[in-house]
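The values are calculated or read from the model by the stated rules, or taken from the named source; none is laboratory data. From a predicted model like this one, the values you see are computed outputs, not experimental measurements. Positions of Cβ are generated from backbone atoms using ideal geometry, with glycine treated the same way; all protein chains shown enter the neighbour counts.
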Amino acid sequence: MQLIYLFSNLASGYAPLAGANPSGTATSILNIGTYESAPVVTENSVRFENTGVPIIREIMVATTMSSLFVAFFALIASTIRTRAALQTEILALRHQLAVLQKNAPRRLRLHRCDRLLWVVLYRCWSGWRRCLEMVQPDTVLRWHRRAFAWHWTRKSRRHPGRPEVAGNIRDLIRRMSQANPLWGAPRIHGELLKLGIAVAQSTVARYLPRPRKPPSQSWRTFLKNHLAQTAAIDFFTVPTATFRVLFVFVVLAHERRRVLHFGVTEHPTQEWTMQQMREAFPWDQAPRFVLRDRDAIYGRDFAAMTRAMGMEEVLTAPRSPWQNPFVERLVGSIRRECLDHVIVWNERSLRRTLHNYFAYYQRSRTHLALGKDAPESRAVEPPEQGRVVAIPQVGGLHHRYQRHAA
């Protein structure tokens, strides 16, 4: 009934009122109540007298009704009014618009419906620029581009994305990262695979508190086709608490990255190195090739012994440790994951520490080159086997995660 009454008022004589409040913004009020015998005169009110009806009507636009809604009803009401009344109303509106432009703030507060109206006029009316006074034409073009981007963004979001990772898995990733600060996303992902948790490595990296390190490069021009028949040997030094230097000799099999043997001494000699090779490959278990650098400790007797054992030496170029990448990577892992975090007292202390680390390295640590598996393969434990428990290794510096029945 109120809409019908509004249409009757608009048809008989529509006169807008635009008053300026003390802050300078235009306020509109629509009074759709009953008529009173005397007109209500307000400050800065505009009267319009219709010759057919001698009653002064004031139509005030309510604050709860949007400007787009009022413009729509004014358009409908204008279709049943005379041309003289429309021209007079246009004159009154233009006068009020000029007054408001002088007193209004530099930046108007426009709602979405106001922007939508001008976007529609821009698409449907070629003369919209001549009647635009509130904003610049470029602003309307920017509204249109923004509406276009919003439309296609909304359409593209209709498709579902990745499934959400369960909260207990996110907590497990964070616990692994906190308990093993030396681990990155690949190592934690390998542990999750062994626990039967199928998540992507990128998902693991997203929930880590620190960024993922870039993968290191490797040299495989020769070793790629001879992994099962190749071993690498090398020395590295370890300082002690008493300022002495110990030498560690390691033998690494390329096929499964297994540490076949290691020895510790303070005074390495050629005879001691030859004895370490015999202990590493007893009972005709020597590989086809052995990769080493050009250290002077490998003398003629060492070369003769390796030939007698059926091994062919492959020497790297001078000062080119990257040509023996697997054993160099092993030495780097030993330093980063173990020796950089402990104090070595003597040979016995170093031998015990390396023994614990190599046990973790062989049976628990996951490797990128082995498909996130350990050198001694670990079975995948499905969630049905029970809850996840952490087993400290290397004195608590690393952990192995397994499932135990409750």
Residue pairs, Cβ under 6 Å, 6 or more apart or interchain, first in segment 237-260 and within 13 Å of residue 291 (Cβ to Cβ), second of a type in the set (Phe, Trp, Tyr) and part of a strand (DSSP E or B). List them. 250/262
Are any residues in segment 358-406 touching a helix residue (DSSP H, G or I) at 6+ places or on another chain (Cβ under 7 Å), more than 11 Å from residue 180 (Cβ to Cβ) and β-branched (Val, Ile, Thr), and if so, which ones? 366, 380, 388
Out of all the residues in segment 315-363, which are closer than 20 Å to residue 254 by Cβ and among the polar types (S, T, N, Q)? 316, 320, 323, 324, 333, 362
So which of 327, 314, 331 ends up being of a type in the set (A, V, I, L, M, F, W, C) and outside any helix (DSSP H, G or I)? 314
Within segment 340-380, take every residue that is of a type in the set (D, E, K, R) and within 22 Å of residue 257 (Cβ to Cβ) and give me the one that is surrounded by the fewest Cβ atoms within 10 Å (Cβ to Cβ). 340
Return the residues of segment 368-383 that are outside any loop (DSSP other than H, G, I, E, B) and under 8 Å from residue 190 (Cα atoms); say none if nothing qualifies. 373
Within segment 97-116, does at least one residue satisfy the condition of being surrounded by fewer than 16 Cβ atoms within 10 Å (Cβ to Cβ), more than 50 Å from the chain's Cα centre (by Cα), modelled with pLDDT of 75 or more and within 27 Å of residue 141 (Cβ to Cβ)? no
Taking segment 276-304, which residues are assigned to a helix (DSSP H, G or I) and surrounded by fewer than 16 Cβ atoms within 10 Å (Cβ to Cβ)? 278, 279, 300, 301, 303, 304
Whichever residue in segment 223-274 is assigned to a loop (DSSP other than H, G, I, E, B) and in contact with a strand residue (DSSP E or B) (Cβ under 7 Å, 6 or more places away or on another chain) and, among such residues, is modelled with the lowest pLDDT: 226
Of the candidates 270, 275, the one satisfying the condition of being touching a residue at least 24 places away in the same chain (Cβ under 8 Å) and under 19 Å from residue 301 (Cα atoms) is 270
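Here's the yes/no breakdown for (1) touching a Leu at 6+ places or on another chain (Cβ under 6 Å); (2) among the hydroxyl-bearing types (Ser, Thr, Tyr); (3) over 17 Å from residue 313 (Cβ atoms):
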| residue | (1), (2), (3) |
| --- | --- |
| 235 | no, no, no |
| 245 | no, no, yes |
| 255 | yes, no, yes |
| 260 | no, no, no |
| 263 | no, no, yes |
| 267 | no, no, yes |
| 272 | no, no, yes |
| 286 | no, no, no |
| 289 | no, no, no |
Going by what's in this entry, would residue 189 be described as modelled with pLDDT of 75 or more, surrounded by 11 or more Cβ atoms within 10 Å (Cβ to Cβ) and not hydrophobic (A, V, I, L, M, F, W, C)? yes
